[in-house]
Amino acid sequence: MQCNFFSYKNIQLYNASCLDKNILDKESVDLIITSPPYNVGIDYNSNEDSNEYKEYLEFSRQWMHNCYIWAKDTARFCLNIPLDKNKGGQQSVGADLISIAKDIGWKYHSSIVWNEGNISRRTAWGSWLSASAPYVIAPVELIVVLYKNEWKKKIKGKSDIIKEEFMAWTNGLWSFNGESKKRIGHPAPFPRELPKRCIKLFSFVGDIICDPFSGSGTTMIEAHLNNRNFIGIELDKEYCNLSIERFYKTIQKENGDIFMNKNSQLDLIMEFFKKNPNRDISHPEVVDWVVKEWEKRTGEVFRDPDRGIRKLHEKGYLQKISKGVYRYDPDFAVLRDDLEDFTPQLKKQILERDNYKCVICGMGEKEGVELHVDHIKPKDLGGKATLENGQTLCSKHNFLKKNLKQTETGKKMFIRMLEIAKKSNEKDLIKFLEEVLNVYEKYDINGHIIWKKDK
């Protein structure tokens, strides 16, 4: 079952286990890039990394089989794994995982040797200065390149790799430093250079990239920066939060003020509501979360989030339940996501059809009245921008139509107050309220609501 933890434009992050084969759709992924737990005793929060080797291999079989199910026929699989391990006995991890992958159905294409240059941190030497039992440790890891059924992609896509990158990266020896776990806050992060190269070399722009062990979100960041779609799966909630924090900070740094604009602030408000669908939420709860989250992600102050909430309501994404209380209903929002506006050509047709006159009062351009083209059935209720659903209104009637519900609420409130005032025989208040309601009547506002019940 999907547990959508975070979404942003082309990014989806699930707080779930990649052992659940139903987390993603079958044959939906173009490229898988991941670095699974190495089973060398690394302290992950939510994963045991020191299983018996047989258990580890079975665990690897399960998640790689799920990846095979999720992969399209032309999907590639970049698997970052060690050559071997010596903790708890020498094991040929790389060879064993390749064998399992091939047994599942993955086809082998090639191996890239990543020289991460961390030989200085080794502590195990075996028999020191003796041929008795020395340890040989290579400061390299593998990036095994596999594919599902077809290596050649028959459908042409857009590549964004440049000549110099292509020539350098098709050389099977990659040399760049590893990543600092202290700096990132994750026990086994890989550097951004690794997924960046895999993404640009083995996928097209717009392809779907998946990392079933999303960790600190490195693949997620590079997928977004390189205009790919991304689906990440991460079991540990803390690492999901770390991913989001890294994502926003990195994207802001790479793209300047990308998050210092109103649209991204609205995205953040919607992120909160999407995590809490079909729930009536008051302003203070939303504002408290949004202000703290914005500061955490950008280091800046989120000014006037109330206005952002109101804007989202105006756009149709949120339903207003009562004063200061809003709800996000996915079904309701779907109807209003693509609100249709009239094109200039269609507006001209409607105005010509209506003889450039308001369809209600008959006033038009000759009288110096400003005219508007409006939906008969409101667009936020599914009304389309068609000739049949268009009408010409003067400014007065356009305003009245747009504010019908608000004026209805006001009129009903004054009627209720009048009833209470009459019961207590408060003559001045009765006079005031009757004068207000007479103004409604004078200008024929909400005339369908009758208040002079005794006449």
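Any read-out appearing in this document is the output of simple, stated calculations on the displayed coordinates, not a laboratory observation. Predicted model, so just to flag it, every value in this text is computed and none were measured. With ideal geometry, Cβ positions are generated from the backbone for all residues, glycine too; neighbour counts draw on all protein chains shown.
Starting with the fewest neighbours, write out E370, E245 ranked by other beta-carbon atoms found within 10 Å of each beta-carbon. Kindly include the intermediate steps, with their values, before the conclusion.
On the way: E370 12, E245 16.
By the 10 Å Cβ count, ascending, the order reads E370, E245.
How big is the Kirkwood radius of the stretch 265-335, worked out from every pair of different alpha carbons and given in Å to one decimal?
12.1
Cut-off is 10 Å between beta-carbons; in what order do M413, M363 appear when sorted fewest neighbours first? Don't skip to the end; give the middle numbers.
Working: M413 11, M363 18.
Least crowded to most crowded, the residues run M413, M363.
Couplings 3J(HN,Hα) for the stretch 279-286, derived from phi with the Karplus relation 6.51 cos²θ - 1.76 cosθ + 1.60 (θ = phi - 60°), are 10, 6, 10, 7, 3, x, 5, 5 Hz, where x marks Gly and Pro.
Taking neighbour Cβ counts within 10 Å as the exposure measure, how do E165, E352, E141 sort from fewest upward?
On the way: E165 14, E352 10, E141 23.
Ascending Cβ contact count within 10 Å gives the list E352, E165, E141.
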